[in-house]
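Below is one structure, written out as structure tokens; comments come after it.
The values are calculated or read from the model by the stated rules, or taken from the named source; none is laboratory data. Please read all numbers here as calculations on a predicted model, not as lab measurements. All Cβ positions, glycine included, derive from the backbone under ideal geometry; neighbour counts span all protein chains shown. Side chains included, ligands, DNA and RNA excluded: accessible areas come from the protein's heavy atoms. Shrake-Rupley method; radii C 1.70, N 1.55, O 1.52, S 1.80 Å.
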Amino acid sequence: MLNKYLVFVIGILIFKTSFSQEKGVLKVEYNELVSYIPQIINQDKGFLLVTDNYSYYRTVFDNTSNLKELDENTIIVAALKDEYFSEILLNRNQDSLTENLFERRAIKKFFSVKEEIPIMDWKLVDDSKRIGKFICKKAELNFRGRSYTAFYTEEIPVSLGPWKFHGLPGLILEVEDSEGFFKWHLKSVYYPYDEKIDLNPVFDRVKKFENISYKNFDSTLIESLKSKFKAIKSRAGNRKLSISTEFDTKEWKEPSNSWRNQTVFSF
Amino acid sequence: MRKLVFAALAGVFMLSSGFATENERTTTTTTNESFDKTCYYNVRNSRGERVGGVIMQGVPNDVDCGSLTARLRTIDIWNGN
């Protein structure tokens, strides 16, 4: 009787495990180079996993300490390693994009930010270059306040790439923005990729974090930042000096969007 | 009565000399320092990402915006101290 029960439980566990895992299609690793000022280059890593229904992109942030002396008008405050978290899940069947993230600028909380898979209006350019063994074609994009140049290969007919990038007739192997803040370069690619991919931990985090639409998240964050910067100004108000504060979204990955053009906020 | 008059005179003398000293001091301060300098600071985190800016207007002209003291004062403002 006990043996039958044990076999039943093990059977259920095996079924659940195999059911919740998806067959892989593609695995890509990218070097993500992020540099807002020439003196500091963050060498993050990006991992793209693709199944029949989903594509999953996770950034693993560089935790090198970069507290260094810069010019005399720049003050450096610590960036806590634990405050950087981002993973993006595209559900192609449901046309949804979900980013699980830690909001580090003002709210200090985990969110699961959802939107429809955004339209990326790529312009194909008559130019090509070789990346590794792949012949790549060039394309350009303006997306949410930033201009990008990408190279993609039709030899891997998967219209995905790092971060939220998608919509080209092949895998994106390299992307850079025009200001040189963000660069994604191919490190390795496994195609076809036959391993099982377990996305359950990602689904669990979606359930656990506060669910919010991208539009609501953007407006909540901007309002929280406004409150934060007004508070800094008012706390300094009893000094003889006149203090002003400001923040801007110019160095964000998405500086603006279809409902917010303002990128500089002064108080 | 005479004592009272002397005391009143002494008081007037002390007050007037006190005023003179205060006036001299104030005048001296105003003459030597003016407060029309603006210091602008970018605040970045250790990944180099800009997190905000602090602008201080009315800084004494002889203060060096890039000095450690001025920068520490700005960090105090940033941290709300």
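On a per residue basis, the range A:34-83 carries 52 Å² of accessible surface, using protein heavy atoms and a 1.4 Å probe. Per residue, the range A:150-244 exposes an accessible area of 49 Å² to a 1.4 Å probe, with every protein chain left in place.
Measuring heavy-atom accessible area with a 1.4 angstrom probe and counting protein chains only, the residues of the range A:195-242 that give up at least 20 Å² relative to the chain alone are A:F229, A:I232, A:R235, A:R239, A:L241, A:S242. The residues B:S67, A:S128, sorted by heavy-atom accessible surface at 1.4 Å with ligands and nucleic acids left out, run A:S128, B:S67 from largest to smallest.
Projecting the Cα atoms of A:T220, A:L168, A:I197 onto the charge dipole of chain A (Cβ charges, centred on the Cα centre) puts A:T220 farthest toward the positive pole. Under 5 Å from the amide H of A:V77 lie the amide H atoms of B:R44, B:N45, B:S46, each residue being 5 or more positions distant or on a separate chain, with H modelled from the backbone and absent for Pro and chain starts. Within 10 Å of each candidate Cβ there may be at most 13 other Cβ atoms; applying that plus a DSSP loop requirement, which GluC sites (Glu not before Pro) in the range A:172-267 survive? Answer in residue order: A:E179, A:E195. Just the accessible area for A:S234, please: 1.4 Å probe, Å², rounded to the nearest 10? So the heavy atoms of A:S234 present about 80 Å² to solvent. Summed over both chains, the contact between A and B buries some 3200 Å² of accessible surface at a probe radius of 1.4 Å.
Note on surface exposure: A:S86, A:S266 rank A:S266, A:S86 by accessible area, highest first, 1.4 Å probe.
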